[in-house]
């Protein structure tokens, strides 16, 4: 087990406001100049307009060699950048005299602290402006119990251990230094301010509360408890009056107040450019606020850089004397998190808002789209990407409403430039000439042949193309897996073992819910069989699906009901709690990313699992389950459709786009080497060179590394079940790569048809209607949809 991943395991065990967008009056380097600019009108002509100039541009700085994740960063009083970071087998400290261009020879944190080799790193690190460092180490008593050791390293390198266990009152979740050099530690008992010279407690803030976020700004401390923001005077230790303007602005985005992990957050504060002012960063951008003021000013728009990416979490922030911002982040867009340092420098010659605006439409909010948009925006600062979401979840807009509104906009020439086609019936758009041919853009994109060929028409034109894809996979007891080749043989196999099922051992995790069982089996490998070439419902295929799924459901119906009764709940209550009928919710998603079988197979709770391999992390999981489980195997999952792949993030360009050149640039980026490596959890790359790149599948891990540890319990014995997620070797990776290349048929997703079949099918499985009535009910709903 690598040191870093072992460390992660131990940590898991241990624990009306006005926003002014643009420049700031008097803020160094932020004046705007008006220049002539242009934008396409609805006729494609360029219209001249005055354009404000000046905005912050983002650049990536180098990190020390071997750095995997950043734990802490600070600009010292002499503007030396100091970094504490993980390497594969420990924690190191390194300095940069040129603010991230080059790094000095690193030092071991353990050696600097003079911590015994038997101690394990405890994750908490703070760096003071004078160069002093605070850190913690764990002395593990057994697998669950530990003793914390606190170390302070002075600016001159002297190390001493502080006796703080009784005073702190628990595990240290985060820490920082005040301007006076005092240490602040947050635990489950609030924030303690500690004198590093003698270890005495100076003040306690939010005593008895779990503080999820805190920062010091001059003589003030700002903390977050639950969803409340508190302000304290660090001179007296007493609460200050609420800064209503700041609180309201920050709280307008609930995600700002969530702690995303140990030492990483969605919100950071630093001291401002003037007395009694601050800067803060969130995914919305970088902001400035003067205490007691009436306005929060946006310094940098997060939509114009990677700040808006949902895969970015913030570790530390600093600002130099020239006004440049430095942000240490954890980037989880790849299979393993990586540490990055982003620098934001003001450019007076760059338009405040890009000249070209590109609208990208998605029926539902999509993390990958936001990740890709942030990465593209950084690469092409002259193009502004506007993400338009059809169903935000904040109103009563249905899928039908959203699609009608979209079609109306497109026909009026006011629609989006690019469409994410997931959930949208592309055939209709293609037939009506609403999508551009992408074959020219994709000519040199090096897309896997088995993926691109199904999307070509008779003339070789391509109107839509998935950016990612998934491999259908089935996992479970070997005797079951060996016997199953399609949906019917699955029903035969499960039915033949029905006497073996109990409330503690069911065929599927979804066996208790007719709707969830139908959806789990429908989405991946059966839905494509239900649609005829003319878009109508293939009633024979739907009837076969419902009959076979009913056999599976009835085989374990009684023990599944006993399981629900033991929880004191009903099918309806469980379905409502998990939003399973919302095809856009986390648990209701059509193509679930929750893995294939996992712990439920090893614990014996379930016999089978079906799903898809969408990422290197998924491969690690299924490999680990098959290696550590007793008699568990897996293979390609074929249902009513054979040798199919699961298209993800399907893109098309509107034929009525007013910004075709920019739209083509964005689509080209999505299929570039860089674009294909964005959002590795959202699907496998379709670009051959990336898909076949073994390093993409390894991430930061080496063969045999334990990348994480997960646990559950055996329902029958009550014993804990632990699975180490292990990085497989190249031979296993190559086997999965070759399997993906054999798949030649894209799964066709039509949520309208799926919803109709699921609703009618659930009534059938519950015995409320016959299978013939269920098929007729579904067909009627589909015909009504087609007529509209």
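Structural remarks
- Number of positions in segment 680-695 that are buried (at least 20 other Cβ atoms within 10 Å of the Cβ) and part of a helix (DSSP H, G or I): 4
Listed here are the residues, each with its yes/no results for (1) surrounded by 21 or more Cβ atoms within 10 Å (Cβ to Cβ); (2) outside the structural domain of residue 118 (by TED's automatic domain parsing); (3) at pLDDT 90 or above.
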residue	(1), (2), (3)
152	yes, no, yes
158	no, no, yes
161	no, no, yes
166	no, no, no
173	yes, no, no
179	no, no, yes
191	yes, no, yes
199	no, no, no
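- Qualifying residue in segment 126-141 (condition: surrounded by fewer than 24 Cβ atoms within 10 Å (Cβ to Cβ), touching a helix residue (DSSP H, G or I) at 6+ places or on another chain (Cβ under 9 Å) and at pLDDT below 95): yes
- Segment 666-679 - residue that is touching a strand residue (DSSP E or B) at 6+ places or on another chain (Cβ under 7 Å) and in a helix (DSSP H, G or I) and, of those, surrounded by the most Cβ atoms within 10 Å (Cβ to Cβ): 676
- Only one of 399, 409 that is in contact with a helix residue (DSSP H, G or I) (Cβ under 7 Å, 6 or more places away or on another chain), surrounded by 14 or more Cβ atoms within 10 Å (Cβ to Cβ) and not assigned by TED's automatic domain parsing to the domain that holds residue 745: 399
- For segment 712-730, the set of residues classified as surrounded by 14 or more Cβ atoms within 10 Å (Cβ to Cβ) and touching a helix residue (DSSP H, G or I) at 6+ places or on another chain (Cβ under 8 Å) consists of 712, 721, 723, 724, 725, 726, 727, 728, listed by residue number.
- So residue 549, is it at pLDDT 80 or above, within 35 Å of the chain's Cα centre (by Cα), closer than 26 Å to residue 601 by Cβ and in a loop (DSSP other than H, G, I, E, B): no
- Cross-chain or 6+ apart pairs with Cβ under 6 Å, segment 70-90 first and surrounded by fewer than 17 Cβ atoms within 10 Å (Cβ to Cβ), then part of a strand (DSSP E or B): 80/95
- Out of 361, 384, 346, sole residue that is assigned to a strand (DSSP E or B) and within 17 Å of residue 648 (Cβ to Cβ): 361
- Selection within segment 108-125 - out of contact with any helix residue (DSSP H, G or I) (no Cβ under 6 Å at 6 or more places or on another chain), surrounded by 15 or more Cβ atoms within 10 Å (Cβ to Cβ) and either part of a helix (DSSP H, G or I) or modelled with pLDDT of 90 or more (or both): 109, 110, 112, 113, 115, 119, 125
- Test: residue in segment 501-510 that is in a helix (DSSP H, G or I) and either within 24 Å of residue 775 (Cβ to Cβ) or assigned by TED's automatic domain parsing to the domain that holds residue 753 (or both): no
Residues checked against (1) touching a helix residue (DSSP H, G or I) at 6+ places or on another chain (Cβ under 7 Å); (2) part of a helix (DSSP H, G or I); (3) modelled with pLDDT of 95 or more:
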{"residue": "414", "(1), (2), (3)": "no, no, no"}
{"residue": "423", "(1), (2), (3)": "yes, no, no"}
{"residue": "441", "(1), (2), (3)": "yes, yes, yes"}
{"residue": "444", "(1), (2), (3)": "no, no, no"}
{"residue": "468", "(1), (2), (3)": "yes, no, yes"}
{"residue": "476", "(1), (2), (3)": "yes, no, no"}
{"residue": "480", "(1), (2), (3)": "yes, yes, yes"}
{"residue": "512", "(1), (2), (3)": "yes, no, no"}
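- Every test in (1) over 18 Å from the mean Cα position of the chain (by Cα); (2) over 25 Å from residue 430 (Cα atoms); (3) part of a strand (DSSP E or B) is passed by residue 704 save one, and that test is (3).
- Leading residue by the ranking (nearest to the chain's Cα centre (by Cα)) among those in segment 758-784 that are within 17 Å of residue 510 (Cα to Cα) and assigned to a helix (DSSP H, G or I): 758
- Condition met for residue 419 (outside the structural domain of residue 748 (by TED's automatic domain parsing), in a strand (DSSP E or B), touching a helix residue (DSSP H, G or I) at 6+ places or on another chain (Cβ under 9 Å) and surrounded by fewer than 21 Cβ atoms within 10 Å (Cβ to Cβ)): no
- Counting the residues of segment 742-757 that are in a loop (DSSP other than H, G, I, E, B) and surrounded by fewer than 17 Cβ atoms within 10 Å (Cβ to Cβ) gives 2.
The values are calculated or read from the model by the stated rules, or taken from the named source; none is laboratory data. Everything numeric here is computed off the predicted structure, so don't read it as measured data. In this analysis, Cβ positions are derived from the backbone assuming ideal geometry, glycine residues included, and neighbour counts consider all displayed protein chains.
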